[in-house]
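One structure is given below, encoded as structure tokens.
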Amino acid sequence: MLDIHQFPCLNDNYGFLVHDRESGMTVAIDTPDGAKYLEEAKSLGWTIDAIWNTHWHPDHAGGNLKIKDETGCRIIGPAGEAQKIPGIEDQMRGGDTLKLGELTVKVIDVPGHTLGHIAYYIPDAKVAFVGDALFALGCGRVFEGDPKMMWSSLSRLKDLPPETKIYCAHEYTAANARFAVTVDPDNAKLAAYAEDVKLKRQRGDWTVPTILSRELEANPFLRADDPALQAAMGHPGDPVSTFAEIRQRKDNF
């Protein structure tokens, strides 16, 4: 059985420690704040055995070496960004697998936000750690890739089982919801989701993790293949152009 410990880091990041009870192995998903990760692990009586980086940005890999120095953990990350990942030892590509105790972990290529971005999917636990590729009601900015690349990456995540819990790296959902309703105003599922997010944030509750099934219904970035949304964005039959239009509108929102 897995224990997933989530905690806030930096301004709006989330940190994740994933602990396999049977083997005792603990993995840090990204490292926005090395000291915070070490403090949280110590409070739980866990020792960090490995770091799984999703991409190179400093708020995802900046704590690698501090944790490595303290624990001797192994640093695992995307092969496509190996030169930018501090301390990387094992380079992962889409289709590769890892082990967390007896659990198999599948690596998924999700470039677009950065060119080498990867996600970690644990089928038996029905969880995916997606970094900045996908957010609740949003997706990452397309900094290094292009819309076609990003849509292909999101399509891979769309194909995961709908009950998959999606652990994304930032608390951006309220802002994402305010935008989403401007491009998909007639979506009742989205309206209900946005209201739920508003109430959660008013209480100080987190909106992460999310469930893929809910994102498929309400997240406009995952619905660029929906004919009604394509028509509304002016690109009938063209999911890539529809995605690009939605992303551009969000960037300027």
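Of note:
- Charge-dipole axis of region 123-253 as Lys and Arg at +1 and Asp and Glu at -1 on Cβ define it, positive-most pick from Gln202, Pro162, Ala224: Gln202
- With Cα atoms, 0 to 90° folded angle of helix 239-251 axis to the chain main axis: 80
- Computed from point charges on the beta carbon alone (+1 for Lys and Arg, -1 for Asp and Glu), the dipole magnitude for the chain about its Cα centre is near 320 Debye.
- Placing R0 at 30 angstrom, the Cβ-Cβ distance between Leu216 and Ala35 gives a FRET efficiency of 0.20 after rounding to 0.05.
- Simple spin-label estimate for Gln6 and Arg141 in nanometres, 7 Å along Cα-Cβ: 2.4
- Note, ³J(HN,Hα) from phi for region 37-49, Karplus 6.51, -1.76, 1.60, rounded to Hz, x at Gly and Pro: 4, 5, 5, 5, 4, 4, 5, 9, x, 9, 10, 6, 8
- Within the accessible surface of the chain, defined with a 1.4 Å probe on protein heavy atoms only, the carbon and sulfur portion equals 49 percent.
- Listed residues Ala177, Val110, Gly24: farthest to the positive end of the dipole of the chain (Cβ charges): Ala177
- From the coordinates shown, mean projected area of the Cα convex hull in nm² corresponds to which of (1) 14.3; (2) 22.7; (3) 12.6: (3)
- Theoretical FRET efficiency, 1/(1+(r/R0)^6), r = Cβ-Cβ of Glu163 and Asn252, R0 41 Å, to 0.05: 0.75
- Extension gain for Ser155-Lys126 works out to 8.7 nm (0.36 nm per residue, less the C-alpha to C-alpha distance).
- Positive-end extreme of charge dipole, the chain - chosen from Trp46, Trp56, Gly77 (charges on Cβ): Trp56
- Amide hydrogen neighbours beyond the local backbone of Gly15, cut-off 5 Å, H modeled: Phe7, Cys9
- Net length gained if the chain between Asp196 and Ser43 were fully extended (0.36 nm per residue, minus Cα distance): 51.9 nm
- Modelled FRET efficiency - R0 30 Å, Thr97 with Glu70, Cβ distances, 0.05 increments: 0.65
- Neighbour cut-off at most 13 other Cβ (10 Å), DSSP loop, GluC sites (Glu not before Pro), region 50-126: Glu102
- Surface exposure of region 86-139, expressed per residue as accessible area with a 1.4 Å probe, stands at 34 Å².
The values are calculated or read from the model by the stated rules, or taken from the named source; none is laboratory data. For clarity, every value in this text was computed on a predicted model and none was experimentally measured. With ideal geometry, Cβ positions are generated from the backbone for all residues, glycine too; neighbour counts draw on all protein chains shown. To get the accessible areas, we keep the full protein, side chains included, count just its heavy atoms, and leave off ligands, DNA and RNA. Shrake-Rupley method; radii C 1.70, N 1.55, O 1.52, S 1.80 Å.
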